[in-house]
Amino acid sequence: MRNVWIMGKRELAAYFSSAVAYVAITVFLVVVGVKFFIIDGFFKTGEASLRSFFELVPLFFVFYLPAITMRSIAEEKRQGTFELLATLPISDSEIVLGKYLGAVGFLAVTLAVTLVYPLGLALLGDPDWGAILGGYIGLLFLGAALLAAGIMASTWTQSQIVSYILGTLIGAIFFFTERLVRLFWETARDAVAYVSFDSHYSNFVRGVLDTRDILFFVAITALFLVVATFSLNSRRWK
Amino acid sequence: MGEAKSVPVIQVEALEKRYGEIHAVKGVTFEIKKGEIVGFLGPNGAGKSTCLKAITCYLAPTSGAIKIAGMDVQESPREVRRKFGYLPENAPLYHDMIAYDYLRFVGELRGLSGKDLEQRIAHVASKVAIAQVLGQTVGTLSKGYRQRVCLAQALIHDPEILILDEPTVGLDPNQVVEIRSLIKELGKDRTVILSTHILHEVLATCDRIIIIHKGLIVADGTPRELLERFTSNPPVLLRIALPEGDGSEIMAKLQAQEWVERALSRPAGIAGEFEVEVQGREGGDHRTRLVELVGREGWSLLEIRREMLDLEGLFRKLTQE
């Protein structure tokens with residue numbers, strides 16, 4: 001556990017040691033802000049609600065979060081630093097968990113910055129705090145699952161680009177499949193909804209904290225991280 | 001020390017590694033005793049790095065067993081990793097990290113913390129002479145300094161064993177000399193295994209050479225042992241003062257000796273001197289006989305030496321086909 005913490009700390013520091021983190025967070029805030037305030041006309045609707053924010057951010061996450069994780073292991077492999085890391089007394093699962101912890105830390109910082117929106121809202125009116133809290137918890141779980149997918153993709157390649165594309169693809173499959181299937185095949189909808197990020201996430205936004213939704217995200221995150229660990233371990237296969 | 005020296009700290013038995021179709025290491029067996037500085041020498045692609053990657057338990061061998069300090073590498077990778085410090089090829093570091101923070105990070109993963117860790121960082125930084133660049137970002141350092149930072153990382157937990165993969169590749173000649181003397185210094189109180197494709201590196205730093213070629217060990221011993229084993233009965237070179245004449249008289253006398261297989265005159269390069277290479281028949285050192293002969297004949301001897309095949313030649317001979 002100590003090793004995971006040490007790794008996570010370094011990862012988080014690495015994100016913020018370059019300009020990339022600040023640019024990424026700024027882009028995130030601007031894009032979400034523009035869509036939320038200008039395109040969706042927050043001020044015109046006259047409603048003290050973050051509903052459109054919570055609809056928009058998950059879409060953005062599908063493309064944004066793989067960019068956060070694309071370097072994590074792919075770049076270590078390319079630079080050869082992975083070999084040094086892997087010969088320290090740390091297990092592959094600790095490496096994966098540490099990398100993951102750092103990425104989740106970055107996500108937490110990004111989400112913390114967006115707290116300006118609900119706080120601003122509180123000045124203008126009386127928002128539904130239950131829905132907002134639920135929405136944030138939902139974003140955290142959803143983001144954590146997408147990051148795990150990104151870390152997993154990052155273990156498969158030495159190329160950041162490939163890592164980004166695979167990470168996005170996996171996220172998109174879990175996120176958009178339900179909407180697609182709904183268009184063509186009504187009867188399969190329930191089955192697909194069961195493994196869809198979107199349907200589980202939407203419960204959080206309605207302010208409903210259901211253990212089934214939480215378990216779903218925890219399970220899928222764990223699955224991605226286990227696959228990532230196996231993938232790192234595969235170099236030791238005879 | 002005498003007794004402790006004989007304990008093998010690294011035991012490699014019938015190590016084999018295949019990468020798919022490529023048979024990189026084809027059954028390598030050796031032992032390294034405590035306190036030895038061993039050079040793994042071989043041309044590029046001979047399988048040196050693969051051996052080191054297996055010893056450091058980065059890769060699993062296809063077959064064979066590796067023990068470090070008596071522990072099997074596959075069975076207890078974590079304990080084994082505590083025993084050694086590793087400098088991989090090209091000193092891979094996180095370029096956007098400050099050198100000090102990097103050493104801290106590795107030290108923490110090595111189980112150090114607090115005052116201990118700070119003392120160790122200060123100690124290794126002064127040992128490898130990087131104290132003045134600890135505050136710099138790794139990416140801004142010269143290649144020589146990066147190599148040293150990576151070496152500092154390998155030493156942070158004061159390991160008994162130091163494993164160095166091509167430690168001087170890409171350095172300028174001054175840096176190479178510095179790193180080599182550093183390795184020699186570090187080898188005084190620990191076991192060192194280093195890989196290189198440069199013969200001089202091994203001669204400058206190592207007590208023992210393991211020459212590896214196409215995944216097999218082709219020679220193993222001290223530089224002296226290797227030379228003796230591979231060049232028995234070397235020719236003897238004589239240089240004799242000869243103010244006039246073409247030396248045919250000398251040649252005739254030499255060829256007349258029953259213990260001389262053949263004598264060949266060689267260009268002496270200096271007027272008034274005559275040089276001849278004498279190849280004796282098998283068995284024994286012919287230098288004393290030659291000196292006696294020279295004395296009997298009243299030749300004035302300028303120089304006599306055995307023509308050992310140098311290690312460069314040996315290395316080429318062993319790793320050519």
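The values are calculated or read from the model by the stated rules, or taken from the named source; none is laboratory data. These numbers were taken from a predicted model, which means no experiment stands behind them. Neighbour counts run over all protein chains shown; Cβ positions are idealised from the backbone, glycine included.
A few points about this structure:
- Taking the numbered list (1) at negative phi; (2) over 8 Å from the mean Cα position of the chain (by Cα) in turn, B:H200 passes all entries but (2).
- Identity of the residue in region A:88-128, among the polar types (S, T, N, Q) and touching a helix residue (DSSP H, G or I) at 6+ places or on another chain (Cβ under 6 Å), that ends up modelled with the lowest pLDDT: A:T110
- Some residue of region B:257-274 being touching a residue at least 40 places away in the same chain (Cβ under 8 Å), surrounded by fewer than 16 Cβ atoms within 10 Å (Cβ to Cβ) and not acidic (D, E): no
- Per the listing B:Q153, B:Q119, the residue uniquely surrounded by fewer than 15 Cβ atoms within 10 Å (Cβ to Cβ), out of contact with any Ser or Thr (no Cβ under 6 Å at 6 or more places or on another chain) and assigned to a helix (DSSP H, G or I) is B:Q119.
- Complete set of residues in region B:215-235 that are closer than 16 Å to B:F30 by Cα and in contact (Cβ under 8 Å) with a residue 40 or more places away in the chain: B:G215, B:L216, B:I217, B:V218, B:A219, B:D220, B:L226
- Only residues that are away from chain B (no Cβ under 14 Å) and under 15 Å from the mean Cα position of the chain (by Cα) were counted across region A:50-100, and they come to 18.
- Cβ-Cβ under 7 Å pairs, at least 6 apart or on other chains, region B:50-79 side facing chain A (nearest Cβ under 10 Å), far side assigned to a strand (DSSP E or B) and aromatic (F, W, Y): B:T56/B:F84; B:T56/B:Y86
- Restricting region B:173-203 to residues that are among the small types (G, A, S) and outside any helix (DSSP H, G or I), the residue that is surrounded by the fewest Cβ atoms within 10 Å (Cβ to Cβ) is B:G187.
- Residues in region B:266-284 that are aliphatic (A, V, I, L, M) and at pLDDT 85 or above: B:V276, B:V278.
- Members of region B:204-232 that are assigned to a loop (DSSP other than H, G, I, E, B), touching a Gly at 6+ places or on another chain (Cβ under 7 Å) and closer than 16 Å to B:G35 by Cα: B:C206
- Within region B:100-152, the residues that satisfy the criterion of being more than 13 Å from chain A (Cβ to nearest Cβ), among the hydrophobic types (A, V, I, L, M, F, W, C) and at negative phi are B:I121, B:A122, B:V124, B:A125, B:V128, B:I130, B:A131, B:V133, B:L134, B:L141.
- You will find that of B:R18, B:R82, the residue that is in contact (Cβ under 8 Å) with a residue 24 or more places away in the chain, at the interface with chain A (Cβ under 9 Å from one of its Cβ atoms), out of contact with any helix residue (DSSP H, G or I) (no Cβ under 8 Å at 6 or more places or on another chain) and within 22 Å of A:G98 (Cα to Cα) is B:R82 and no other.
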